[in-house]
Amino acid sequence: MLKMPPFGSAAVATLLLVGVAGCNDPAHVGICVVDASSAPVNGSCSGHTPTDASDGRIADADAAVSPRDGSVSQQEASPDVPVVCDLMSGCADGAMDRSAGVADAQQDGTNAVVSDNPDASGGAGFGGGGGAGGFGGAGGASGMDGARTADGSAGSADGPIVEYALLTVGEPDAIALGPDGNVWFTEYRMNGKTIIGRVSPSGVFTEFPSPNVGHFSGIVAGPDGALWFTEAFSNKIGRVTTLGAFQEYSIPTANSSPLRITSGPDGNLWFTEYDGNKIGRVTTSGDFTEYPIATANSKPWGIAAGPDGNLWFTEQSGNNVGRISTAGNVTEYRIPTAGSYPIGITAGPDNSLWFVEFNGKKIGRVTTSGDFTEYPLPPGTGEPADVTLGPGGKLWFVEQSSNAMIGSMTTSGTFAHYATPTPVSAPSQIVTGADGNLWFTEPQAHQIGRLVPP
């Protein structure tokens with residue numbers, strides 16, 4: 001079965017967060033990062049009580065960083081002011097999971113904390129979220145030197161596939177190219193909190209904890225220069241600026257489970273309501289219109305703007321590909337393969353729509369007049385979960401199986417496959433970045449991957 005959006009799932013932690021001596025009072029947060037598969041180096045973090053790095057305070061790799069507003073020193077701090085403890089006095093060199101250093105971090109003028117060193121060694125940074133009413137993130141960077149490549153060597157900009165560990169241990173899912181040239185993604189954390197993150201083409205991460213909890217399954221750049229995303233748990237559509245300011249809009253249909261979202265040709269955002277059995281539209285000012293799907297319990301999943309000025313969507317249970325005009329007229333087309341479980345969909349280079357059949361293990365093509373062609377994946381490959389248009393007019397897709405892969409195909413049906421460095425990473429969604437590379441999420445590995453097309 002497809003790895004469904006991890007509602008309430010318990011991810012396996014790859015980092016241990018432990019208290020630093022002298023930093024266990026309510027006004028302080030102390031973090032030490034160690035390899036979960038081995039003891040702390042020289043026992044540097046032993047004997048400390050666990051702390052929660054996600055309790056609303058900033059946790060930072062730089063021992064000299066001031067409180068969030070820079071006006072209070074550690075010695076002057078009061079319990080309601082986030083303070084960063086002296087990490088280096090509590091954690092010896094070599095305490096990182098994948099390298100011997102940590103990435104310096106600094107505030108960027110917003111409530112987030114980012115790395116200022118894209119090449120810092122430090123395979124995984126760490127950080128806590130913003131408190132109630134705050135949207136602050138924290139953490140070091142997953143720099144080039146701390147990444148994994150498909151050949152198992154140290155990461156570099158030249159690797160075919162490079163994986164970057166997230167700043168905080170969570171499950172990334174949705175991914176999109178932002179209006180600022182960065183790649184943006186959603187991340188579900190084990191404590192139920194959700195983060196909107198961004199990664200630059202050079203691998204520098206910034207994370208913005210959202211004001212709500214639950215799983216965000218879709219994200220897209222909107223026509224207003226912001227990112228728009230779906231909130232399945234809270235039944236809302238969210239908006240976040242590139243500086244991390246959030247807004248949320250409640251969907252009229254209760255418990256609709258919004259899943260994927262796209263920008264329409266009409267300047268609005270369009271999304272699928274998985275449990276509501278509707279296609280929704282929301283303006284950039286937050287006004288909703290919803291359109292029912294004729295097939296009952298169709299479970300609409302993916303959605304994309306088509307070359308014909310309509311929106312196209314997949315029906316996971318209905319086994320259809322649907323078309324909806326900007327006026328709300330819905331047409332459904334039956335997929336030839338029964339029980340194919342269609343999910344991701346994208347516009348292709350040939351004025352057709354391309355989609356993945358998870359159970360059918362095929363890549364499907366449908367013309368704007370509703371004619372289908374299906375291409376079975378080669379033997380030994382996995383179940384396709386998402387698809388995007390990439391450089392050279394190829395379709396790129398992610399495969400979920402015991403050996404996770406990134407696949408590509410030409411419009412004539414020629415396939416190529418690339419294994420991810422982490423075998424059981426369950427790649428979920430994929431997008432083409434501003435750098436011409438393919439970026440994808442790996443929920444099971446808590447990583448973002450990048451593939452340089454050959």
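The values are calculated or read from the model by the stated rules, or taken from the named source; none is laboratory data. Because the structure is a prediction, the values reported are computed rather than measured. Methodologically, a virtual Cβ is constructed for each residue, glycine included, from the backbone with ideal geometry; neighbour enumeration extends over all protein chains shown. Only protein heavy atoms, including side chains, enter the accessible area calculation; ligands, DNA and RNA are left aside. Shrake-Rupley method; radii C 1.70, N 1.55, O 1.52, S 1.80 Å.
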Open item on the list: Please enumerate, by chain and number, the lysines with C-alpha under 25 Å from the C-alpha of residue 278, excluding those fewer than 8 residues away in the same chain.
Closed with: 3, 236, 299
- [ ] Take the Cα gyration tensor of the stretch 364-454, multiply each eigenvalue by 5, square-root it, and list the three semi-axes largest first, rounded to whole angstrom.
- [x] 22, 16, 11
Task: At q = 0.17 Å⁻¹, base-10 log of I(q)/I(0) for the stretch 160-282 (Debye sum, equal scatterers on each alpha carbon) - done: -0.80
TODO: For the stretch 403-415, just list the computed ³J(HN,Hα) in residue order, Karplus coefficients 6.51, -1.76 and 1.60, θ = phi - 60°, integers in Hz, with x standing in for Gly and Pro.
DONE: 10, 4, 9, 10, x, 9, 8, 7, 5, 8, x, 8, 9
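Taking every pair of Cα atoms in the stretch 315-390, average 1/r, invert it to obtain the Kirkwood radius, and report Rg/Rh to two decimals.
When Rh is taken as the Kirkwood radius, the ratio is 0.96.
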Open item on the list: Amide H of residue 222 versus every other amide H placed in the peptide plane: which residues, excluding those fewer than 5 positions away on the same chain, fall under 5 Å?
Closed with: 227, 228
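Taking all protein chains in place and a 1.4 Å probe, what share, in percent, of the accessible surface of the stretch 262-389 do carbon and sulfur account for?
Of all accessible area on the stretch 262-389, carbon and sulfur atoms account for 44 percent.
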- [ ] With the full set of protein chains in place, find how many percent of the accessible area of the stretch 396-443 is carbon and sulfur; take the probe as 1.4 Å.
- [x] 56 percent
TODO: Note down the net charge around residue 319, summing +1 for each Lys or Arg and -1 for each Asp or Glu among other residues with Cβ under 13 Å from its Cβ.
DONE: -1
Task: Per residue solvent-accessible surface (Å²) - the stretch 227-300, probe of 1.4 Å - done: 35 Å²
- [ ] Give the Cα extents of the stretch 297-344 along the principal axes, in whole Å, largest first.
- [x] 29, 18, 17
